[in-house]
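The values are calculated or read from the model by the stated rules, or taken from the named source; none is laboratory data. None of the values given here were measured: they were computed from a predicted structure. With ideal geometry, Cβ positions are generated from the backbone for all residues, glycine too; neighbour counts draw on all protein chains shown. Side chains included, ligands, DNA and RNA excluded: accessible areas come from the protein's heavy atoms. Shrake-Rupley method; radii C 1.70, N 1.55, O 1.52, S 1.80 Å.
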Amino acid sequence: MVDNTQLPPAQELAISRDLMTLSRHVLQQVGGGSYDAQAQDLSALMGRIALAGKLISRHLSRSGLVEDALGSTGSVNVQGEEVKKMDQYANRIFIRALEQSGLVCRLASEEMEKPYYIPENCPVGRYTLLFDPIDGSSNIDVNLAVGSIFSVRQQEGNDETGEALDLLQDGRKQLAAGYILYGSGTVLVYTIGKGVHSFYLDPSLGEFILVQENIQVPSTGNTYSINEGNFCSWPESIRQYVMHLHRTPGYTSRYSGALVADMHRILMLGGVYLYPGTESHPDGKLRLLYETAPMAFLMEQAGGRASTGTQNVLDVIPKKLHQRTPLIIGSPDDVALVESFVGSGASAQEPVQVSELRR
Ligand code: AFP
């Protein structure tokens, strides 16, 4: 008798994959059947973050056709940077999507000087969402890849002052982190401390579909990603490192101007992304709580590393909400190589002997 309920194994596998929604995946990561309250919360939160990503993706895909997507709002944010219309739109989308979750009491983003409270959620919603709504916003007007970065933390204490002092803790306090890359496709990559997993948005279904579980970054890669326009204002050790790469056959440089896009390349193919301090910005450009710490959490979960040059990014305790840190992130061997230059205090007069460091 023929079993009409079964399809060939390859098709069965494809169906199982298509049915693995993001929320279900989060639950499976945590529970294995017996889901506790936090697992349920994280699953619901990821569902809302994914919804925000879908709405932003849709708006970006029409950006040249609608009035309110391209160009600048004419204002500057707390970092003194020009606010693009998409920055404002995406920030609002995250707020509204998480407001409705009932779970998030507080949101903090690059676009808001102070945390945004949702008082009606606070009695039950003990989570804070930190996010960069649009990372790489200078790419929007020229139709290049941009991203969103997110990080979830438990809210500690009642924070009656509204100063969010409990956020000034190290990156190991993150419960979940990830990014959404709006590129040739829209991909969401996340961790809840149990590996790194990626989901692609299937526009025909309007769902993120699992494509890869337990992503591992290669131990080394041939790509380095840094804005070489800042060469003259980097510390000498970074200049020496990059000159070493120039002299070593096999390296290639890739830099898109969006951390999410560059990070995704490094995560998938190996190599290193750097945003070091510069003369005018000794701590670099990237913000700890909603850019470098979430990326560091993700990269470590994928077997990689993230360093400021002298310290693990996840150990940095911020002094303020919008604190910046230098970032060296990627394959463990490549990050170690950069650190060896920083640690050696390499100077132009004393070039480092690196032959033994590079396999
Ligand atoms: P925004 O988040 O303000 O769009 O900045 C993007 C970013 O922080 C990061 O995504 C890029 O890697 C970096 O800035 C690019 O900065 P430079 O133009 O200085 O290289």
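Just a few scattered comments:
- For the range 123-165, taking the residues that are in contact with a helix residue (DSSP H, G or I) (Cβ under 7 Å, 6 or more places away or on another chain) and in a helix (DSSP H, G or I), the one that is most open to solvent (accessible area, probe 1.4 Å) is identified as S137.
- Some residue of the range 183-199 being within 30 Å of P115 (Cβ to Cβ) and part of a helix (DSSP H, G or I): no
- Comparison of S75, S63 shows that the only residue that is exposed (fewer than 14 other Cβ atoms within 10 Å of the Cβ) and not in a helix (DSSP H, G or I) is S75.
- Taking every residue in the range 128-149 that is assigned by TED's automatic domain parsing to the domain that holds N91 and within 11 Å of the ligand (Cβ to nearest atom) and pairing it with any residue that is at pLDDT 90 or above and among the basic types (K, R), at least 6 positions away or on another chain, the pairs with Cβ-Cβ distances below 9 Å are D132/R287; P133/R92.
- Filtered by the rule that a residue be away from the ligand (no atom under 14 Å from the Cβ) and over 15 Å from the mean Cα position of the chain (by Cα), the range 262-297 gives L269, G270, G271, P282.
- As a summary of the residue check, S204 satisfies the conditions (1) modelled with pLDDT under 95; (2) under 21 Å from L289 (Cα atoms); (3) open to solvent by 10 Å² or more (accessible area, probe 1.4 Å) except for the one numbered (2).
- The requirement of being in contact with a helix residue (DSSP H, G or I) (Cβ under 9 Å, 6 or more places away or on another chain), within 13 Å of the ligand (Cβ to nearest atom) and in a loop (DSSP other than H, G, I, E, B) is fulfilled somewhere in the range 80-96, by at least one residue.
- Odd one out for K173 among (1) open to solvent by less than 40 Å² (accessible area, probe 1.4 Å); (2) within 17 Å of the chain's Cα centre (by Cα); (3) more than 19 Å from A261 (Cα to Cα); (4) not aromatic (F, W, Y): (1)
- The criterion of being out of contact with any helix residue (DSSP H, G or I) (no Cβ under 8 Å at 6 or more places or on another chain), of a type in the set (D, E) and away from the ligand (no atom under 13 Å from the Cβ) does not hold for E300.
- Unique match (being touching a Phe, Trp or Tyr at 6+ places or on another chain (Cβ under 9 Å) and over 18 Å from A306 (Cα atoms)) among I118, I226, I134, I140: I134
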